[in-house]
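Engineer: Dropping the structure in here first, questions after.
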Amino acid sequence: MNMKRRVFLKGALASGSVALALGAGILTPRAVLAAWPQSAFEAKSVADALGALYGAGDAAASGDIEIKAPDIAENGAVVPVSVTAKMSGVESISIFAEGNNTPLTSSWKLGAGAEPYVSTRIKMAKTSNVIAVVQANGKTFQAGKEVKVTIGGCGG
């Protein structure tokens, strides 16, 4: 019983502190949220999205990027993808589904010393290449893997 009271009091104190900071204008929702590269996510081609994200419409091929994704995705609405970069100085990792109307599915900026690994689930409209783009030491690299979508992609 005593432990439940402590948990409740800690939660109430934390909630009250956040509410006070929000009310005073010290903490604003925009300051908490990560930057969102809107033009990259709205781009209609991989080259345009790369240009909006990294300033260049292409990236060098690299064997140091490993993409794990199913060869055949039974449901295009939920395709598991993980990317591992086997290089140093990784600054960001982005994932593209080439066949989607807006190909950029996700993008992460990594802090110094972070493990260059991301895992997510993406939507795919149809069978196409999944492209992982890694920015490391100011250079941009990519690798791709074809994923066949059998039903239910994000296009219908």
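Engineer: Would you say ALA136 is surrounded by 15 or more Cβ atoms within 10 Å (Cβ to Cβ), more than 12 Å from the chain's Cα centre (by Cα) and assigned by TED's automatic domain parsing to the domain that holds ASP48? Break it down into steps so the answer makes sense when it comes.
Structural biologist: Details: surrounded by 15 or more Cβ atoms within 10 Å (Cβ to Cβ): yes; more than 12 Å from the chain's Cα centre (by Cα): yes; assigned by TED's automatic domain parsing to the domain that holds ASP48: yes.
So ALA136 passes the test.
Engineer: ALA85: under 23 Å from SER45 (Cα atoms) and either touching a residue at least 40 places away in the same chain (Cβ under 8 Å) or surrounded by 16 or more Cβ atoms within 10 Å (Cβ to Cβ) (or both), yes or no? Quick ask: steps written out before the conclusion?
Structural biologist: Working: under 23 Å from SER45 (Cα atoms): no; either touching a residue at least 40 places away in the same chain (Cβ under 8 Å) or surrounded by 16 or more Cβ atoms within 10 Å (Cβ to Cβ) (or both): yes.
Here the answer is no, as ALA85 does not meet what is asked.
Engineer: Another question, if that's okay. When you scan the stretch 18-63 for helices (runs of 4 or more DSSP H) that lie fully inside it, which ones turn up with 1 or more residues that are modelled with pLDDT under 65? Lay out the reasoning, then the answer.
Structural biologist: Working: elements: 29-32, 38-42, 46-54.
Filter on the stretch 18-63 gives 29-32.
Engineer: Here is a further query. List the residue pairs whose Cβ atoms are under 9 Å apart, where the first residue sits in the stretch 94-106 and is closer than 17 Å to GLY55 by Cα and in contact (Cβ under 8 Å) with a residue 60 or more places away in the chain, the second is assigned to a loop (DSSP other than H, G, I, E, B) and not polar (S, T, N, Q), and the two are 6 or more positions apart or on different chains.
Structural biologist: That search, which allows pairs on different chains as well, returns PRO103/ALA43; PRO103/LYS44; LEU104/PRO37; LEU104/ALA43.
Engineer: Taking the stretch 41-57, which residues are touching a residue at least 40 places away in the same chain (Cβ under 8 Å), surrounded by fewer than 20 Cβ atoms within 10 Å (Cβ to Cβ) and closer than 17 Å to ASN101 by Cβ?
Structural biologist: Those that are touching a residue at least 40 places away in the same chain (Cβ under 8 Å), surrounded by fewer than 20 Cβ atoms within 10 Å (Cβ to Cβ) and closer than 17 Å to ASN101 by Cβ: PHE41, GLU42, LYS44, SER45.
Engineer: Moving to a separate point now. Take the residues of the stretch 88-102 that are in contact with a strand residue (DSSP E or B) (Cβ under 8 Å, 6 or more places away or on another chain) and not hydrophobic (A, V, I, L, M, F, W, C): which is surrounded by the most Cβ atoms within 10 Å (Cβ to Cβ)?
Structural biologist: The residue in question is SER94.
Engineer: Tell me, yes or no, whether the stretch 103-110 has at least one residue that is among the polar types (S, T, N, Q) and exposed (fewer than 14 other Cβ atoms within 10 Å of the Cβ). Don't jump to the end; show me each part of the working.
Structural biologist: Narrowing the stretch 103-110 to residues among the polar types (S, T, N, Q): 105-107.
Still in the list and also exposed (fewer than 14 other Cβ atoms within 10 Å of the Cβ): none.
The answer is no, given that none of the residues of the stretch 103-110 is among the polar types (S, T, N, Q) and exposed (fewer than 14 other Cβ atoms within 10 Å of the Cβ).
Engineer: If ILE67 passes every condition in (1) farther than 24 Å from SER39 by Cα; (2) part of a loop (DSSP other than H, G, I, E, B) but one, which one does it miss?
Structural biologist: ILE67 satisfies all of (1) farther than 24 Å from SER39 by Cα; (2) part of a loop (DSSP other than H, G, I, E, B) except (2).
Engineer: What is the residue count in the stretch 58-106 for residues that are farther than 18 Å from THR140 by Cα and among the β-branched types (Val, Ile, Thr)?
Structural biologist: Residues meeting the conditions: 5.
Engineer: Within the stretch 99-152, take every residue that is closer than 16 Å to ASP71 by Cβ and assigned to a loop (DSSP other than H, G, I, E, B) and give me the one that is modelled with the lowest pLDDT.
Structural biologist: Taking the candidates together, the pick is ILE151.
The values are calculated or read from the model by the stated rules, or taken from the named source; none is laboratory data. Quantities reported herein were computed from a predicted structural model and do not represent experimental measurements. Because the Cβ atoms are built from the backbone with ideal geometry, glycine has one as well, and the counts that use them run over all protein chains shown.
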